[in-house]
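Undergrad: Here's a structure for you.
The values are calculated or read from the model by the stated rules, or taken from the named source; none is laboratory data. Treat the numbers as computed from the prediction; the structure is a model and nothing was measured. We place every Cβ from the backbone using ideal geometry, glycine too, and count neighbours over all the protein chains shown.
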Amino acid sequence: MNPTSTAISRRGCIGMMMGALLGCRSSELAYTAPRHEIAITIDDFNVNADTPRLDPDARNAAMLATLRTARLHVAAFVAGQRVDNPEGQRRLALWSEAGHMLANHSYSHWNYPRVDFEAFSADVLRAESVIASYPTFRKWFRFPYLKEGATAEQRDRMRAFLKAHGYRFGYVTVDASDWAIDARLRERLAENPHAPLDGYRDFYIEHIWERTKFYDGLARHVLNRPVRHTLLIHHNLLNALFLSDLLQMYAQRGWRVIDAAAAFEDPIFAREPDILPAGESILWALAKESGKLDAVLRYPAEDEAYERQRMDELGL
């Protein structure tokens, strides 16, 4: 997407582009979500990765400690290959013991549109075999990269497969690029282990807030109601360092962070948008399906390229 579309959302002009109710199901008309609620969902669970500032156990422990202090339970969408070893299993077990939901993010973290159905569906079941024994495993599935198919046949075949195996869709409402900020932070620490990190923290918090406002605006104009949001972040150094700051930001700005299981009760997570290519945030997809909001929708919805210039300007 060109910079103009990014500027539109950042100037807060989304309301000018969306004026009317675009259609929702009767089940959603009867459902009223509390205002300003959001849950944390964490993808990939690369729990064994080496990072410049914290070792794997310290990074894992830091995130768990933050959530324990906040009395929150997240949804962990686990890529099976990341934990398919004794150390990965041990570290993941700590999340299940703490009551966090474990869900399926495939085994190999393939981009589904680039892989045939047979290979990808087998990969989903392979991931299940790695994490299904944990007490808090639940049959929710999230596509890697939020890419759900390039063609209608590819999309619909996988939807049918997942339903046949008892899965529900673990959609994201608030998508973001924490992974890109994390990469920059790690590069800086590799160059200078004592580099100050306040700039990364501040940029991260404002980035998440800006994307939260954008997607919340989509919800209110596409569904004409608030939703219980699900924020996508990753198990990485950035969140080991700054997850507490993120939770504090929401509290300071009047948002309530809730357990992921409660967020997934919102009827929006039963929707199946009819768009191609399929994927992105469920709110982005519903807005795209409406055909009335293209001026504020970029593709892909989130990418490092959109944040690069600002991070360069800030020396991050």
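Undergrad: Check off (1) touching a residue at least 60 places away in the same chain (Cβ under 8 Å); (2) touching a helix residue (DSSP H, G or I) at 6+ places or on another chain (Cβ under 9 Å) for D259 and give me the number that stays unchecked.
TA: Of everything listed in (1) touching a residue at least 60 places away in the same chain (Cβ under 8 Å); (2) touching a helix residue (DSSP H, G or I) at 6+ places or on another chain (Cβ under 9 Å), D259 misses just condition (2).
Undergrad: Follow-up question, since we're still on this one. If I go through the range 92-124 residue by residue, how many of them are within 27 Å of I38 (Cβ to Cβ), assigned to a loop (DSSP other than H, G, I, E, B) and aliphatic (A, V, I, L, M)?
TA: Matching residues across the range 92-124 total 1.
Undergrad: How many residues, within the range 275-316, are hydroxyl-bearing (S, T, Y) and not in a helix (DSSP H, G or I)? Explain how you work it out, then say what you get.
TA: Taking the range 275-316 as the starting set, the residues that turn out to be hydroxyl-bearing (S, T, Y) are 281, 290, 299, 306.
If we keep only those that are not in a helix (DSSP H, G or I) as well, we get 281, 299.
Total meeting the criteria: 2.
Undergrad: Same structure again: How do the pairs read when you match residues in the range 146-160 that are over 13 Å from F120 (Cβ atoms) with residues anywhere that are of a type outside the set (S, T, N, Q) and buried (at least 16 other Cβ atoms within 10 Å of the Cβ), using Cβ under 7 Å and keeping only pairs 6 or more apart or on different chains?
TA: L146/V172; L146/D175; L146/G279; L146/E280
Undergrad: Here is a follow-up. Sort out which residues of the range 214-241 are part of a helix (DSSP H, G or I) and either closer than 20 Å to L92 by Cβ or in contact with a strand residue (DSSP E or B) (Cβ under 8 Å, 6 or more places away or on another chain) (or both), and write them in order of number. Quick ask: steps written out before the conclusion?
TA: First, the residues of the range 214-241 that are part of a helix (DSSP H, G or I): 214-222, 237-241.
Once the filter is applied, which keeps residues that are part of a helix (DSSP H, G or I) and either closer than 20 Å to L92 by Cβ or in contact with a strand residue (DSSP E or B) (Cβ under 8 Å, 6 or more places away or on another chain) (or both), the range 214-241 yields Y215, D216, A219, L237, L238, N239, A240.
Undergrad: Kindly indicate which of E272, E280, E265 is at pLDDT 95 or above, at positive phi and not small (G, A, S). Spell out the reasoning first.
TA: Details: E272 fails: at positive phi; E265 fails: at positive phi.
Residue meeting the stated conditions: E280.
Each row is one residue, and each column tells you yes or no for (1) within 22 Å of A39 (Cβ to Cβ); (2) of a type in the set (D, E, K, R); (3) touching a Cys at 6+ places or on another chain (Cβ under 8 Å); (4) part of a helix (DSSP H, G or I).
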| residue | (1), (2), (3), (4) |
| --- | --- |
| L64 | yes, no, no, yes |
| T69 | yes, no, no, yes |
| Q81 | no, no, no, yes |
| R90 | no, yes, no, yes |
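Undergrad: Scan (1) touching a Phe, Trp or Tyr at 6+ places or on another chain (Cβ under 8 Å); (2) under 28 Å from Y306 (Cα atoms) for the single condition Y167 breaks and write down its number.
TA: Result: Y167 passes all but (2).
Undergrad: Could you list, in sequence order, the residues of the range 153-188 that are among the aliphatic types (A, V, I, L, M) and either at pLDDT below 95 or surrounded by 17 or more Cβ atoms within 10 Å (Cβ to Cβ) (or both)?
TA: Passing the criteria: M158, L162, V172, V174, A176, A180, I181, L185.
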